[in-house]
Amino acid sequence: MFRTLENMDFEGKKVIVRIDMDVPLDEDGGVKDDFRLQKAIPTLKYLKEKGAKQIIIIGHIGRPKGEVVEALRTTGVGKKLSELLGEEVLKFDDCIELDTLETHKFVLLENLRFHSGEKENSEDFAKKLANIGDIFVLDAFAVSHRDHASITGIQKYLPSCAGIQLKKEIEALNITDAQTPIIAILGAAKVKDKIALIEELLKKVDKILLCGGIIFTFFKAKGLEIGNSLLDEQSIETAKKYLGNEKIVLPEDVVVAHEISEGVENKTVSIDQIPEEFIGLDVGEKTVANFKEILSTAKTIIWNGPMGKFETKPFGKATKEIAEFIITLGAVSIVGGGDTTSAIRSFGLENKFTHVSTGGGASLELLEGKTLPGIKALEENMEKFT
Ligand code: ADP
Ligand code: MG
């Protein structure tokens with residue numbers, strides 16, 4: 001249990017809000033993709049409506065490693081937020097050395113990671129941040145699995161709660177009480193990294209449709225030839241363990257090519273016919289048809305990992321077809337994972353799914369059943385500041 005916005009009184013308070021602002025910037029420092037910033041707006045507007053005296057926005061961009069990197073200033077984020085809020089956001093050039101903040105309703109502080117105290121979660125840095133405001137709101141889901149000063153440290157000193165986006169993410173990605181049948185699509189790149197996820201999903205879902213780069217390690221485990229396809233040698237034994245599991249569905253056919261390049265010649269083969277020197281880069285049509293049939297029985301669909309090398313045309317075909325199919329179903333549809341989210345967004349379908357997560361690592365850790373440090377801190381905070 002943790003507090004949300006409705007549980008706090010913001011009237012006349014200075015509210016520090018940690019948002020996700022780790023967005024791609026262009027050469028002039030402008031925001032190239034504002035997906036994450038859009039998701040921060042509801043909380044910011046809510047705080048203004050509820051009479052907050054001032055809303056102090058904090059966050060990080062990239063990996064500046066504790067020093068000032070000109071290209072990673074939050075100036076462009078400030079401009080974009082002003083646009084999205086329809087009101088000027090005043091930007092400061094530091095996050096703790098500040099002159100008077102009293103001038104604007106919304107202020108934005110400089111990249112937190114210009115100070116090494118942020119990632120080191122130093123007490124001194126966390127205290128200085130906390131000193132700026134009266135209440136802390138955590139709304140940065142994508143970094144809520146980090147034990148950093150602006151995520152956990154600051155919560156030792158201020159009454160804190162979750163913002164709208166964070167709450168949404170936590171609720172959507174908790175499939176424990178989801179309507180069954182629950183079907184998972186798992187298309188990751190490395191088996192080793194996804195084993196914890198497979199284990200956890202097996203406890204909660206009715207079927208796991210495997211696809212993406214991991215399937216070739218499973219094919220190898222079955223004794224099949226996989227040509228030059230992606231292989232995680234060390235995971236072959238682990239893959240064997242899952243081969244007989246009736247919840248796990250493997251593809252029947254794959255799209256193969258000589259090399260990974262745009263528009264390269266390709267063909268679809270049965271999984272026991274992968275030619276030497278070829279690379280498996282997508283699942284084939286029979287597999288797509290079979291997956292569609294299984295998915296049509298689902299009440300809840302949870303998707304992590306693209307089905308093929310979608311960044312290189314034409315190997316995004318299955319991913320796109322399945323995405324377009326899922327949105328026609330009446331099922332609850334949840335997408336988690338950095339690359340999966342970018343794939344769905346590249347098709348322009350992000351608003352057609354029930355939930356498309358803003359988090360990569362954080363969404364995976366949550367799906368794996370781990371407790372995120374930011375959430376744990378919110379729970380402890382509720383005990384401490386009653
Ligand atoms: P996410 O970021 O959504 O958690 P992963 O990072 O685990 O997902 O895996 C996604 C990556 O896997 C993508 O870059 C995608 O291109 C790649 N991929 C998918 N299918 C294949 C394949 N057959 N061979 C190699 N890479 C693949
Ligand atoms: Mg990834």
List pairs: first residue in the stretch 246-269 and over 14 Å from Ile215 (Cβ atoms), second residue surrounded by 18 or more Cβ atoms within 10 Å (Cβ to Cβ) and among the acidic types (Asp, Glu) anywhere in the structure, Cβ distance under 7 angstrom, at least six positions apart or on different chains. Thr268/Asp253
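Could you tell me whether Thr319 is in contact with a Pro (Cβ under 7 Å, 6 or more places away or on another chain) and either within 29 Å of Val255 (Cα to Cα) or more than 16 Å from ligand 2 (Cβ to nearest atom) (or both)?
Yes.
Select from the stretch 205-224 the residues that are more than 16 Å from ligand 2 (Cβ to nearest atom) and either outside any helix (DSSP H, G or I) or within 20 Å of the chain's Cα centre (by Cα) (or both) and list them in ascending order. Lay out the reasoning, then the answer.
Taking the stretch 205-224 and keeping what is more than 16 Å from ligand 2 (Cβ to nearest atom), we get 205-210, 215-224.
Of everything in the stretch 205-224, those that are more than 16 Å from ligand 2 (Cβ to nearest atom) and either outside any helix (DSSP H, G or I) or within 20 Å of the chain's Cα centre (by Cα) (or both) turn out to be Val205, Asp206, Lys207, Ile208, Leu209, Leu210, Lys222, Gly223, Leu224.
Taking the condition more than 26 Å from Gly359 (Cα to Cα) and surrounded by 15 or more Cβ atoms within 10 Å (Cβ to Cβ), does Ile260 pass?
no
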Evaluation of Asn304 against (1) free of Cβ contacts under 8 Å to residues at least 40 places away in the same chain; (2) within 13 Å of ligand 2 (Cβ to nearest atom) (one fails), failing number: (1)
Of these, Gly360, Gly348, Gly280, which one is more than 30 Å from Pro159 (Cβ to Cβ), within 8 Å of ligand 1 (Cβ to nearest atom) and among the small types (Gly, Ala, Ser)? Gly280
Number of the condition not met by Glu380 [criteria: (1) acidic (Asp, Glu); (2) over 15 Å from Ile185 (Cα atoms); (3) within 13 Å of ligand 1 (Cβ to nearest atom)]: (3)
For the stretch 225-257, how many residues meet the condition of being part of a loop (DSSP other than H, G, I, E, B), surrounded by 14 or more Cβ atoms within 10 Å (Cβ to Cβ), more than 27 Å from the chain's Cα centre (by Cα) and not acidic (Asp, Glu)? 3
Just wondering, is there one or more residues in the stretch 168-184 that are modelled with pLDDT under 95, small (Gly, Ala, Ser) and part of a loop (DSSP other than H, G, I, E, B)? yes
Inspect the stretch 129-136 for any residue being surrounded by fewer than 22 Cβ atoms within 10 Å (Cβ to Cβ), within 19 Å of Lys50 (Cβ to Cβ) and free of Cβ contacts under 8 Å to residues at least 24 places away in the same chain and give the result as yes or no. no
Answer yes or no as to whether Gly76 is over 30 Å from Glu6 (Cβ atoms) and part of a helix (DSSP H, G or I). yes
Six or more apart or on different chains, Cβ atoms under 8 Å: show the pairs whose first residue is in the stretch 155-176 and under 16 Å from Thr371 (Cβ atoms) and whose second is assigned to a helix (DSSP H, G or I) and among the hydroxyl-bearing types (Ser, Thr, Tyr). Glu169/Ser363; Leu173/Ser363
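The values are calculated or read from the model by the stated rules, or taken from the named source; none is laboratory data. Source: prediction; values computed, not measured. Cβ: placed from backbone, ideal geometry, glycine included. Neighbour counts: every protein chain shown.
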